[in-house]
Structures are given as structure tokens and as C-alpha cells.
Amino acid sequence: MVITDYLSFQTNPPSESHGICIIDVTSQVAKEVAQSGVSNGTATLFITGSTAGVTTIEHEHGLLGDFKDMWDRVIPQNIPYEHNKAWGDGNGHSHVRASMLGASLTIPFVNNRLTLGTWQQIVLIDFDNRSRSREMVLQIMGE
């Protein structure tokens, strides 16, 4: 059986947090899996758009700060990007960051429950430099 659903989120990257918005979507995904009628299988998440990604992390204040700091070290905002020269929208770093993180994530589930670790949450990461309406495709496959 295959079930496809869509989850919508409004992001607002705050300036004091490196312009990165992190949203814990674990409860929404777990609810959809539990209500799907599929007992065992996989849940695949895909974020549409080229300036956001999805991953797992411990959704804890200190670690979230470390995660944001890492992006500034690895892919800084304030260096020249050819994308910014072409489009003038200042979000070249967002595209590069999102491509490195990835747009999809697959999580197995057993007995209608995601097999996440104790401190592991599913997060949507929006790297863009302005608020966005984001759509995440959730596809549940199994028996």
C-alpha cells in the first residue's frame, strides 16, 4: 500500500539565528503514520523547494545552536555567490546549504511507530533568507 500526504509549514528564519529556521515535524509525521492503516513499512519525506532540507537531530537548544554555527563555518552567508549576482536575492548560500543537507529522508516504522532513537527528532531546515510557505511530501509505504 502507498499513501501520499502533504504537510504544510510557514517558516520565518530569525536574523539572530544565522537565518536558519528549524522546525520539529516529528509529531506530525508520527501522527500520519499511526493513522495511515499501514502497520510496517517506510515513511519517506521530501521537501519541495531548493533552499530547505530535512534530517534528524536532537532538537535541543544547545545542539541546534551548534548546528547553525556549523553552517556558518562550512557555507558562510557573507561571501560572493554567483547565484546572488545573477538573481540579486541574496540567498545563494541557502541553495548550497540545502543541496548539502538533502531534500529527503526515509524512516522505517514498525507497528505504526517510527523507529527513531530516544533523542532523535525529524526536522525541517529552512535556510532561506526570508519567510516561506513550505510543503513536505510524506509518502507512507508498507503493509
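The values are calculated or read from the model by the stated rules, or taken from the named source; none is laboratory data. Because the structure is predicted, anything quoted here is derived from the model rather than measured. As a convention, Cβ positions derive from the backbone with ideal geometry for all residues, glycine included, and neighbour counts pool all protein chains shown.
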**Message:** Please verify whether A34 is under 15 Å from I140 (Cα atoms) and in contact with a Pro (Cβ under 9 Å, 6 or more places away or on another chain), treating the condition exactly as stated.
**Reply:** no
**Prompt:** Somewhere in region 4-21, is a residue within 18 Å of V137 (Cβ to Cβ), under 14 Å from the mean Cα position of the chain (by Cα) and not in a strand (DSSP E or B)?
**Reply:** no
**Message:** Checking the structure you have, find out if any residue of region 27-48 is more than 18 Å from I3 (Cα to Cα) and either under 12 Å from the mean Cα position of the chain (by Cα) or aromatic (F, W, Y) (or both).
**Reply:** no
**Prompt:** For region 69-143, list the strands (runs of 3 or more DSSP E) that sit wholly inside it and hold at least 3 residues that are aliphatic (A, V, I, L, M) and exposed (fewer than 15 other Cβ atoms within 10 Å of the Cβ); which are they?
**Reply:** none
**Request:** Residues being farther than 16 Å from A103 by Cα, assigned to a loop (DSSP other than H, G, I, E, B) and not small (G, A, S): count how many of those fall in region 22-40.
**Result:** 2
**Prompt:** Would you call D66 of a type in the set (D, E), at pLDDT 95 or above and exposed (fewer than 13 other Cβ atoms within 10 Å of the Cβ)?
**Reply:** yes
**Prompt:** Out of the residues in region 74-121 that are among the β-branched types (V, I, T) and under 27 Å from L138 (Cα atoms), which is farthest from the chain's Cα centre (by Cα)?
**Reply:** V110
**Complete:** Counting only residues in region 38-73 that are touching an Asp or Glu at 6+ places or on another chain (Cβ under 6 Å) and β-branched (V, I, T), the one nearest to M136 (Cα to Cα) is identified as T48
**Message:** If I filter region 41-68 down to residues being assigned to a loop (DSSP other than H, G, I, E, B) and of a type in the set (V, I, T), which single residue comes out as farthest from S8 (Cα to Cα)?
**Reply:** T51
